[in-house]
1. Looking only at region 1-54, which residues are in a strand (DSSP E or B) and β-branched (Val, Ile, Thr)?
2. Would you mention how many residues in region 1-16 are surrounded by 15 or more Cβ atoms within 10 Å (Cβ to Cβ) and within 24 Å of the chain's Cα centre (by Cα)?
3. In region 82-122, which residues are assigned to a loop (DSSP other than H, G, I, E, B), under 14 Å from residue 65 (Cα atoms) and touching a Lys or Arg at 6+ places or on another chain (Cβ under 7 Å)?
4. Select from region 123-144 the residues that are surrounded by fewer than 16 Cβ atoms within 10 Å (Cβ to Cβ) and part of a loop (DSSP other than H, G, I, E, B) and list them in ascending order.
5. Return the residues of region 289-302 that are buried (at least 17 other Cβ atoms within 10 Å of the Cβ) and of a type outside the set (Val, Ile, Thr); say none if nothing qualifies.
6. Can we say residue 312 is in the same structural domain as residue 192 (by TED's automatic domain parsing), modelled with pLDDT of 95 or more and surrounded by 14 or more Cβ atoms within 10 Å (Cβ to Cβ)?
7. Considering only region 311-347, how many residues are closer than 18 Å to residue 176 by Cα and assigned to a loop (DSSP other than H, G, I, E, B)?
8. Could you tell me whether any residue of region 160-173 is touching a Gly at 6+ places or on another chain (Cβ under 6 Å), under 25 Å from residue 62 (Cα atoms) and not in a helix (DSSP H, G or I)?
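The values are calculated or read from the model by the stated rules, or taken from the named source; none is laboratory data. Values in this document were obtained by computation on a predicted structure and should not be read as measured data. Note: ideal-geometry Cβ built from the backbone for every residue, glycine included; neighbour counts use all protein chains shown.
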Amino acid sequence: MTFLKAAVFYGPGKLILEERSIPQPSLGEIVVKVDTSGLCPTDVKIYKFGSQNVKIPIVLGHEFSGKIYSLPSDIISFKEGERVVIPADAYCGKCLMCISSKENLCFDTISFGYQIDGAHAEYVLIPKRFLDRGGVFKVPENISLEIMSMTEPLACAVHDIKLMKIDPSKRLLVVGDGPMGLLHVLVAKNFGCSEIVVVGLFDWKLKLASELGATHTINSQEIKDVKKEIKSLYQEGVDACALTVVTKDTIVQSLGSTIKGGYVSIFAGVPKDSVYTTLDPNIIHYNEISLIGSSGYTYEDFRIAFKIAINNESKLSRLVPHRFRLDDIHDAITAWEDKERSLKILLKR
């Protein structure tokens, strides 16, 4: 019997590398040999704190690319050896959210690393629903599979940028200089946004933000009054703000930095019991600011992200200062926690 190596989550603090048999595809399914999987902040949060949405034991990991390893005879649109990238989620296509063009909010989603085994493994089984919904994307031979593993987080940024209605006329504020903040810059630039401000903590990340398309950067360790700095750039404020770091202070600063009729998007999650009760509703009321949430992406968002990834391979590669082997996933988590030095972390096979 042939075995695969997989990072299996058994509960908070219990992520064990173990051997399992390589899955065998049933009709309508395929098995992918993973090339690269991305370490998502959600993976780390699940590892540290657990999640009621995760069925344990389970293999974590939902950002990945690879090659088709095996498939049954009824699959004729794919073949063994083809290079693919796959969304993290398979939506039902039938519920109220799906038929309302809000499939990212599907009531019956199945997701890698949550309900089904994920991609922090050598092989991953792709259920029939992913293929039925068109959720398997063929990667061109001349494009790095490593880079294409970042399509999933890129799609999250695409969804957020679309929600905020970013176009060439808009001025965008991105709060956070981590991977998702920088992906927002790249996506906004691809949507034609010509004025992008990034607020972060580290000069080297802010420099990278500029190289990706940011027109202004603010180091909040050096400039404490971010709102004042924004207003010195744009008297009326920015048109939209993406909060890739969400705290009471960043929400308040963003609301105060956004133009009347603008958008503030809560993109990142917060700890379960976080409650921010000191916001002034009048800022939202009188300025008609839309305080919105952004979660996941639609398949159309993923298709857009797929094209952006293909056309920005060299830029995306600059977001990856750290690469680890799957065997070293615990070292990867430790590196992820060092925010001063880490950015996007990938796990290679």
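1. Restricting attention to region 1-54, the residues satisfying the condition of being in a strand (DSSP E or B) are 3-11, 14-21, 30-38.
Within region 1-54, 8, 16, 30, 31, 32, 34, 36 meet the criteria.
2. So the first thing to find is which residues in region 1-16 are surrounded by 15 or more Cβ atoms within 10 Å (Cβ to Cβ), and the list is 4-9, 15.
Keeping just the survivors that are within 24 Å of the chain's Cα centre (by Cα) gives 6-9, 15.
Looking only at that region, the number is 5.
3. Filtering region 82-122 for residues assigned to a loop (DSSP other than H, G, I, E, B) gives 82, 86-88, 91-95, 100-102, 106-109, 113-115, 117-120, 122.
Restricting the remaining residues to those that are under 14 Å from residue 65 (Cα atoms) gives 82, 86-88, 118-120, 122.
Result: 82, 122.
4. 134, 140, 141, 142
5. The first filter runs over region 289-302 and keeps only residues buried (at least 17 other Cβ atoms within 10 Å of the Cβ), leaving 289, 291, 294, 296-299, 301-302.
Within region 289-302, 291, 294, 296, 297, 299, 301, 302 meet the criteria.
6. Details: in the same structural domain as residue 192 (by TED's automatic domain parsing): no; modelled with pLDDT of 95 or more: yes; surrounded by 14 or more Cβ atoms within 10 Å (Cβ to Cβ): yes.
It is false that residue 312 is in the same structural domain as residue 192 (by TED's automatic domain parsing), modelled with pLDDT of 95 or more and surrounded by 14 or more Cβ atoms within 10 Å (Cβ to Cβ).
7. Counting residues in region 311-347 that are closer than 18 Å to residue 176 by Cα and assigned to a loop (DSSP other than H, G, I, E, B) gives 11.
8. No, every residue in region 160-173 fails to be touching a Gly at 6+ places or on another chain (Cβ under 6 Å), under 25 Å from residue 62 (Cα atoms) and not in a helix (DSSP H, G or I).
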